[in-house]
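Below is one structure, written out as structure tokens; the observations come after it.
The values are calculated or read from the model by the stated rules, or taken from the named source; none is laboratory data. Please read all numbers here as calculations on a predicted model, not as lab measurements. All Cβ positions, even for glycine, are placed from backbone atoms using ideal geometry, and neighbour counts span all protein chains on display. Quick note on the areas: whole protein, heavy atoms, side chains included, nothing else; ligands and nucleic acids left out. Shrake-Rupley method; radii C 1.70, N 1.55, O 1.52, S 1.80 Å.
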Amino acid sequence: MGFDESQIVQALSKDQRIGSFWLTRNWKMTKLRVGLTIRPLQDVENQIGEILIDGEGKYVFDTMEIEVKIIDRKWIDFKAVNCYYFHLNILENLLLRAWKMGDKMTVFGLKGHKKVSDIFVNHKIEVVRKSKIPLLVSGTEIAAILSIRRSDIFQLKDEEKAVRISWKLN
């Protein structure tokens, strides 16, 4: 595969941090909480960038299909599990992107900011999956980590219309 025994022993040692990685010409090896993952370098290079959300419609981020729809308030189902509801202003400068080191968000129901990486750790998200979970970003604010947590920004008040952002795995 391209990794010698000493590199694998080094990767498995307790001194190495989770998320540490080693490269060869064609492969990337990453240390996880339990074990290692080895992936072709071309898969790593093809990671997802940013997707601009320019209105209602369906968008695809890795294996997740995201639908953005403007709905009447009377159709809001606050018990739904695979969607979030936002104020219409969220559609200004909205995009989907992967996590970046240092990202912080104001979590719904909590005071202050929390690091996105801490939220991932609390939800036991493996290092290699972090880049596959879309962040919903409006301007400089993270509005949601889809399927995990939403922010307290763009909350609904008494508006007649809302933006529903729903998702499903392909």
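Considering only the other residues whose Cβ falls under 10 Å of the Cβ of residue 64, what net charge follows from Lys and Arg at +1 and Asp and Glu at -1?
Working: positive: 132, 168; negative: 62, 65.
Residues near residue 64 contribute 0 overall.
With Cβ to Cβ distances under 11 Å as the rule, what net charge do the other residues near residue 106 carry (K, R +1; D, E -1)? Present the calculation step by step, with values, prior to reporting the outcome.
Numbers: positive: 104, 111, 114, 149, 150; negative: 141, 152.
Residues close to residue 106 contribute a combined charge of +3.
From a point 7 Å beyond the Cα of residue 121 in the direction of its Cβ, which residues of the range 130-170 have a backbone N at a distance under 18 Å?
Flagged as within label range: 130-131, 149.
Can you return the aspartates and glutamates within cross-link range of residue 14? Criterion is Cα-Cα under 19 Å, with same-chain partners fewer than 8 residues away left out.
4, 5, 126
Give 74/124; 79/130; 31/79 a once-over and call out the pairs whose C-alpha atoms are over 30 Å from each other. All intermediate terms of the calculation are to be shown ahead of the outcome.
On the way: 74/124 36 Å; 79/130 26 Å; 31/79 37 Å.
Over 30 Å Cα-Cα: 74/124; 31/79.
Within 10 Å, count the other beta carbons around each residue, average over each peptide in 68-74, 155-161, and list them highest first.
Numbers: 68-74: 12.9, 155-161: 9.7.
Ranking, from highest mean packing down: 68-74, 155-161.
What number comes out for accessible area per residue over the range 29-170 if the probe is 1.4 Å? Units Å², please. Could the numbers behind the result be given before it?
On the way: 8140 Å² over 142 residues.
Using a 1.4 Å probe on heavy atoms only, each residue of the range 29-170 averages 57 Å².
For the pair residue 25 and residue 60, what calculated FRET efficiency results from E = 1/(1 + (r/R0)^6), where r is the Cβ-Cβ distance and R0 = 22 Å, to the nearest 0.05? All intermediate terms of the calculation are to be shown ahead of the outcome.
On the way: r = 31 Å, r/R0 = 1.39.
After rounding, the FRET efficiency stands at 0.10.
Let me know the shape class of the chain, please: from the alpha-carbon gyration tensor, a ≥ b ≥ c as square roots of the eigenvalues, rounded when a/c is under 1.5, otherwise prolate if a/b is greater than b/c, or oblate.
On the way: a/c = 2.91, a/b = 2.13, b/c = 1.37.
The shape class here is prolate.
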